[in-house]
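The values are calculated or read from the model by the stated rules, or taken from the named source; none is laboratory data. What you see is a predicted model; the values in this text were computed from it and never measured. A quick note on method: Cβ atoms are made from the backbone with ideal geometry, for glycine too, and the neighbour counts reach across all protein chains shown. Quick note on the areas: whole protein, heavy atoms, side chains included, nothing else; ligands and nucleic acids left out. Shrake-Rupley method; radii C 1.70, N 1.55, O 1.52, S 1.80 Å.
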Amino acid sequence: MVIYIRLRRGHVARLLGQRPGLTEILVNVDGKEEKAVCYEELTGPVAAGDEVILNTTAVHKDLGTGGYHFVVANLNITGTEVPEAGHIMKLRYAPGQLKVLAAEEDDSPLADAIRGLTTLDGMPVLVGSLHSQLGPSAAALRRQAPAARLAYVMTDGGALPIAFSRLVRELRETGVLDFTVTCGHAFGGDLEAVNIYSGLLAAMANGADAAIVAMGPGVVGTGSPFGCTALEQGQLVNAVQTLGGLAIAIPRIGFADPRSRHRGLSHHTRTALGRVALAPCYVALPDLPPDQASLIRRQAAEAGLAERHRLVTVPGDVALDAMRDLNLKVTTMGRGPDTEPAFFLAAGAAAVLAARALAGRLPPLQ
């Protein structure tokens with residue numbers, strides 16, 4: 001028999017911090033004090049002295065979870081209850097399945113509005129492939145379109161609980177994001193949705209003028225061309241265009257990563273937009289030094305992006321300025337704007353195109 005989860009008993013030593021939906025704790029486990037995360041909406045509240053069951057698999061495998069174990073159950077809690085409204089299950093048929101009130105359901109106040117929508121009516125949607133693209137693109141778009149109502153639609157390609165993202169909390173608290181939607185098996189947003197299509201429509205029904213769509217923290221990758229959740233970017237472009245929105249892809253660009261497949265225009269972007277995306281979109285390219293710009297253009301041409309999509313080069317510095325003014329600390333693979341500026345400039349360039357679309361200065365693709 002194969003066991004897929006490494007479980008351990010632990011005792012809560014103390015609480016380290018809290019934010020909506022998540023409590024960070026220090027636990028005694030296997031003779032050591034280590035950090036753990038408790039999603040109280042799944043397991044109930046936690047307090048010092050509680051005995052807990054921990055999923056220790058990711059830390060044991062030294063994966064990119066920030067060095068946290070995760071609370072599976074609090075043995076000091078004998079039972080919990082759920083609200084009556086809603087019947088959509090996420091993490092379905094797993095021990096941790098949870099019930100949500102989806103925006104599409106009869107009991108939702110948005111149900112009628114969503115059912116009456118058949119199109120996004122040209123709403124600009126920035127489509128990312130990594131969670132770290134959310135911060136610079138959202139900050140840049142807020143700087144350029146301060147009155148716009150901006151939604152973040154989180155897919156289930158990375159972390160499933162939106163509470164795990166400190167970035168989302170910061171963007172909500174500073175007013176950069178107006179609300180969030182979690183779709184698929186992702187959960188914990190201001191609105192819940194069954195899939196990306198209804199998630200986008202829910203955003204519009206809730207008054208969004210523009211949206212940013214990307215996975216939560218973390219990305220699954222294998223080094224193979226198609227073995228990465230970042231390829232959902234192509235599927236998201238298809239969804240936006242199917243619904244009559246204006247898709248603006250945020251390319252993953254960098255020059256500091258030692259892996260050749262991520263130098264310049266990442267192979268994930270080339271595959272997602274060159275092979276997976278069947279619908280056209282805008283691809284925002286930032287102003288870069290001539291040698292870097294030349295490499296990006298060559299890679300885009302070789303991947304067939306210029307034939308499928310509309311590539312537009314614009315300045316992306318607004319992202320750096322907005323992040324600095326907000327004191328927003330975002331990194332990609334541990335690198336910030338000082339060491340990997342092209343990554344953040346690309347997000348800013350996409351925001352520039354979205355702002356032009358909101359102002360009616362970006363022509364439709366067709």
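In nm, what is the difference between 0.36 nm times the number of residues separating V276 and R115 and their Cα-Cα distance?
On the way: separation 161, 0.36 × 161 = 57.96 nm, distance 2.84 nm.
Difference between extended and current length: 55.1 nm.
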Given backbone amide H placed at 1.01 Å from N, residues whose amide H is under 5 Å from that of T313, ignoring those fewer than 5 places away on the same chain, are L285
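Roll a 1.4 angstrom probe over the protein heavy atoms and tell me the percent of accessible area of region 38-154 that is carbon or sulfur.
Numbers: 3090 of 5720 Å².
Summing carbon and sulfur atoms, their accessible area is 54 percent of the total for region 38-154.
Counting other Cβ atoms within 10 Å, which trypsin sites (Lys or Arg not before Pro) in region 108-172 have at most 16 and lie in a DSSP loop? Before the final figure, lay out each step's value.
Numbers: sites: R115, R142, R143, R149, R166, R169, R172; in loops: R149.
Sites meeting the loop and neighbour criteria: R149.
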Residue by residue, what Karplus-based ³J(HN,Hα) values in Hz, rounded to whole numbers, does region 71-83 have, using 6.51, -1.76 and 1.60 with θ = phi - 60° and x for Gly and Pro? 6, 8, 7, 9, 6, 8, 9, 8, x, 9, 10, 10, x
Under 29 Å from the Cα of K61, which lysines turn up, not counting those fewer than eight places away in the same chain? K32, K35, K90, K329
Considering only DSSP states other than H, G, I, E and B, which trypsin sites (Lys or Arg not before Pro) in region 228-330 qualify as loop sites with at most 14 other Cβ atoms within 10 Å? R259, K329
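Relative contact order of region 28-181, please, whole-number percent, based on alpha carbon pairs below 8 angstrom and at least 6 residues apart.
Numbers: 140 pairs, mean separation 19.8, N = 154.
Relative contact order here is 13 percent.
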For every helix of n ≥ 4 consecutive DSSP H residues, a contribution of -39,500 (n - 2.57) applies; sum these over the chain, divide by its total residues, and give [θ] at 222 nm rounded to the nearest 500 deg cm²/dmol. -8000 deg cm²/dmol
Of (i) 187; (ii) 133; (iii) 146, which one was derived for volume of the Cα convex hull per residue in Å³ from the structure shown? (iii)
Selected from I25, G116, G79, residue furthest toward positive end of dipole (region 1-117; charges at beta carbon): I25
Which FRET efficiency, nearest 0.05, do R361 and D321 yield, Cβ-Cβ r, R0 22 Å? 0.60
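What does the highest-first list of 343-353, 75-85, 176-186 look like by mean Cβ count within 10 Å? Don't jump to the answer; show the numbers that get you there.
On the way: 343-353: 29.8, 75-85: 9.7, 176-186: 22.5.
Averaged packing, sorted descending, gives the order 343-353, 176-186, 75-85.
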FRET efficiency, 1/(1 + (r/R0)^6) with R0 22 Å, evaluated for D62 and S224 via beta carbons: 0.60
D30 versus T80: modelled label distance in nm, points set 7 Å from Cα along the beta carbon direction: 2.5 nm
Potential extension, A256-D106 segment - 0.36 nm per residue separation minus Cα distance: 49.1 nm
